[in-house]
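Colleague: So that we are looking at the same thing, I have put the structure below in structure tokens.
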Amino acid sequence: MTDSTYIPPHLRALHQAGLKYLLLVQLMTLLAFLPYLPGWFFALFLVVGLWRWRVLHGQMRKPPAMVLWAAVLMGLAALMASGLNRYSLDSAVALCVLGYLLKSLEVLRRRDGIFQIYLGYFLAGVLLLYRFDPIAALIVILLLFFNTLALQAVTAGGHYNARYGLTQSSIILLAALPIMVAGYLFFPRLPPLWQIPNDQRGAQTGMTDEISPGSVERLAQSVAPVFRVAFDTPLPARNQWYWRGNTLSVFDGRSWQAEYRSANPFAWPSQARLPSGLGPASRYSVLMENSGQRWLYFLDWPSAIEAGKGVILPDARAASRTPITSLLRYRASSHRTVTWPDQSGLIASNLLLPEQGNEPLRQWAQTQRAQYASDGDFIDGLMHHIRTEGFFYTLQPPAYPGDQSLADFWLTGRRGFCSHYASAMGYILRSVGVPTRLVGGYLGGTYNPAGDYVQVRQMEAHVWLEVWLGQGWQRIDPTAAVAPDRIEMNLDTLFRRSQPGDLPLLSRMGSLSLLNGLSLYWDSMLYQWQVLILDYDNSVAKAWFESAFGRFSPLKLAIAILSLMALVGLALAWGLGMVTWPTRQREPYRSLARIERWYGARADAETVQTYFQRLAAQHPSHSGLWMLADLIERSLYRRAEPIAAREFRAARHRLVKQRRRHSL
């Protein structure tokens, strides 16, 4: 092959500048996905990047095909060893990032670099499947910008100008911004063509449909938000912020479970009736975070629910037919006082207890019940017993193993969290024939004045009781007896004074007013972002379109989008220098061009002075020619004496009048 042999651009060798930008954008992409990938991916990037860099500098050779295949097989084995061995979003993204990194081992030509950049564009969009907040949007924009910058470097020659690449990449992204906004405003929201499950690494968070000793305490160690509630009516009293989630009616001796389980939604009954509200209602909207669960949360007690595909179950709760894997917004109304629909089918199941286990506690309950005239008095006696018999509320309770766990806690240990008190008291009441069930949800929250909503975190996880005393279900909270301040305070506020060592670090730092204020402000921004994205649907987009262009029609939409794309394309072409706008000539050249248009062009090598002398001889009555000639010469050869444009206009106007007068 001779030096003059033509090589197509896509087959030309990749130069150093292109490789540097490829490695930079690879590092940025990997860092964006690293929280969702096994840690060994970063080590793989270092190995691949070092190898590729040394190949470029002639210190190593391109790995043979056998080495590449071995790297692929080792990567797949490492993915399976990391637990990514089932079809899910995590495993699909990890496989894609693995190929993205290993591709660097064989990037030698522009074609390979361009393919790698296109894969980087794809991964930038995939990141939005994991998070969709302002930080994620900024990260995606940066990834798009640097991928475009790398594309400029890869397709350029050996002498790449970084400033030119920055300018061109910025122009391209800015030109795409109007199309992106128009697509968001007017493009219809289509349902997904397919879905990838994402339960690979225990994606379920929050309260479940089963509560056992220790499960709620673990949730209380997290400050992650669960949902946010914005009220349309006045904010209820702080001691009424009980957020109902699961109703737990089945007890197996250690754990309480819901009668209708998440594992089998096909066994759920059709829509049941909620209790009917009495008195003023609290109306609100809930913005729920991705939990992987099916349960929806409401202020106790819900009387009306607008939750789309939500299903109302007979035990006064609502659930989604599919797991909640993205932000969900729904509306509801609640009342403090309600009348219940027929509950006869539920009463018997809320009396059942295992035949064996916790016998000492069963005997204690029956002995104590004989001392009271009514079930209500017995419940008051149990609350008094908790207050006066040395019970202690703690996030670090001892383990109570075995089939006597409740008896050990109530009769001897007396140290526990809300689930211990609710479980033991529920067992006691069922032992004496009082229909009882547990309710799992959240208690309290943090009011954010910047956004006018209540934020509820995992830390507010709570369990309480409901008992049937003949007229309806009534809420009984044993925590109000052992730690009455918990009803009015969040858990971290309560324990920060008495047991700060049991709290996570972020909760202990919450006492810093500056940090707390910044946290609330950031959460308010995040909430407004989420509401803006979720509330904007097809109906809002159509209303915007009709307000600007009249009644909606597909033809109008197509014309509007094509017009916008044409304007953006024209602006992009102008920014890239492909199109130039006509510019107005400056004086004296503008006046000279007018004279040549009126009297004919100058001859070759004819000076301006000679040209005007010739015109004056041909048109002796046009004295304005001498005035223009004088202005033009002074402007060309006496730059220290600038001449205003209005003087040229006045001279031309005088000459026009002379031409008209002598043409009659």
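The values are calculated or read from the model by the stated rules, or taken from the named source; none is laboratory data. From a predicted model like this one, the values you see are computed outputs, not experimental measurements. Cβ atoms come from the backbone with ideal geometry, glycine included; neighbour counts cover every protein chain shown. Ligands, DNA and RNA are excluded from the accessible area calculation, which covers all protein heavy atoms including side chains. Shrake-Rupley method; radii C 1.70, N 1.55, O 1.52, S 1.80 Å.
Colleague: Restricting attention to region 340-380, which residues are exposed (fewer than 14 other Cβ atoms within 10 Å of the Cβ), at pLDDT below 90 and either of a type in the set (A, V, I, L, M) or in contact with a His (Cβ under 8 Å, 6 or more places away or on another chain) (or both)?
Modeller: Ile347, Ala348, listed by residue number.
Colleague: I'd like the residue in region 137-149 that is surrounded by fewer than 16 Cβ atoms within 10 Å (Cβ to Cβ) and free of Cβ contacts under 8 Å to residues at least 40 places away in the same chain and, out of all such residues, is nearest to the chain's Cα centre (by Cα).
Modeller: Kept after step one, since they are surrounded by fewer than 16 Cβ atoms within 10 Å (Cβ to Cβ), are these residues of region 137-149: 137-138, 141-142.
Now narrow it down to the ones that are free of Cβ contacts under 8 Å to residues at least 40 places away in the same chain: 137-138, 141.
Details: Ala137: 8, Leu138: 11, Ile141: 14 Å.
Once the filter is applied, the top-ranked residue is Ala137.
Colleague: Looking at this structure, is Ala373 among the hydrophobic types (A, V, I, L, M, F, W, C), in contact (Cβ under 8 Å) with a residue 24 or more places away in the chain, assigned to a loop (DSSP other than H, G, I, E, B) and at negative phi? First the steps, then the outcome.
Modeller: Details: among the hydrophobic types (A, V, I, L, M, F, W, C): yes; in contact (Cβ under 8 Å) with a residue 24 or more places away in the chain: no; assigned to a loop (DSSP other than H, G, I, E, B): yes; at negative phi: yes.
The answer is no for Ala373.
Colleague: Output the residues belonging to region 115-124 that are within 19 Å of Ala156 (Cα to Cα), among the hydrophobic types (A, V, I, L, M, F, W, C) and either at pLDDT below 90 or open to solvent by 40 Å² or more (accessible area, probe 1.4 Å) (or both).
Modeller: Phe115 - this is the single residue of region 115-124 that is within 19 Å of Ala156 (Cα to Cα), among the hydrophobic types (A, V, I, L, M, F, W, C) and either at pLDDT below 90 or open to solvent by 40 Å² or more (accessible area, probe 1.4 Å) (or both).
Colleague: Next question, about the same structure. Just the residues that are of a type in the set (A, V, I, L, M) and either touching a residue at least 60 places away in the same chain (Cβ under 8 Å) or in contact with a His (Cβ under 8 Å, 6 or more places away or on another chain) (or both), please, taken from region 107-125.
Modeller: Those that are of a type in the set (A, V, I, L, M) and either touching a residue at least 60 places away in the same chain (Cβ under 8 Å) or in contact with a His (Cβ under 8 Å, 6 or more places away or on another chain) (or both): Val107, Leu108, Ile114, Ile117, Leu123, Ala124.
Colleague: Now a separate question. Restricting to region 589-618, give me the number of residues that are in contact (Cβ under 8 Å) with a residue 24 or more places away in the chain and more than 60 Å from the chain's Cα centre (by Cα).
Modeller: Final tally of qualifying residues: 7.
Colleague: Still on this structure, I have one more. Run Asp232 past the list (1) closer than 29 Å to Glu259 by Cα; (2) modelled with pLDDT of 70 or more; (3) open to solvent by 40 Å² or more (accessible area, probe 1.4 Å) and report the number of the one that doesn't hold.
Modeller: Asp232 satisfies every listed condition except (1).
Colleague: Only residues that are small (Gly, Ala, Ser) and surrounded by fewer than 23 Cβ atoms within 10 Å (Cβ to Cβ): list them for region 448-468, please.
Modeller: Ala450, Gly451, listed by residue number.
Colleague: Cβ-Cβ distance below 8 Å, separation of 6 or more or different chains: which pairs start in region 210-233 with a residue that is on the phi > 0 side of the Ramachandran plot and part of a loop (DSSP other than H, G, I, E, B) and end on one that is of a type in the set (A, V, I, L, M, F, W, C) and open to solvent by 20 Å² or more (accessible area, probe 1.4 Å)?
Modeller: Pairs found: Gly214/Ala399.
Colleague: Something else about it: Given the conditions (1) touching an Asp or Glu at 6+ places or on another chain (Cβ under 7 Å); (2) part of a helix (DSSP H, G or I), report the number of the one that Gln396 does not fulfil.
Modeller: Only one criterion in (1) touching an Asp or Glu at 6+ places or on another chain (Cβ under 7 Å); (2) part of a helix (DSSP H, G or I) is unmet by Gln396, namely (2).
Colleague: Answer yes if at least one residue in region 320-339 is open to solvent by 70 Å² or more (accessible area, probe 1.4 Å) and without any contact (Cβ under 8 Å) to a residue 24 or more places away in the chain, and no otherwise.
Modeller: The answer is no; no qualifying residue exists.
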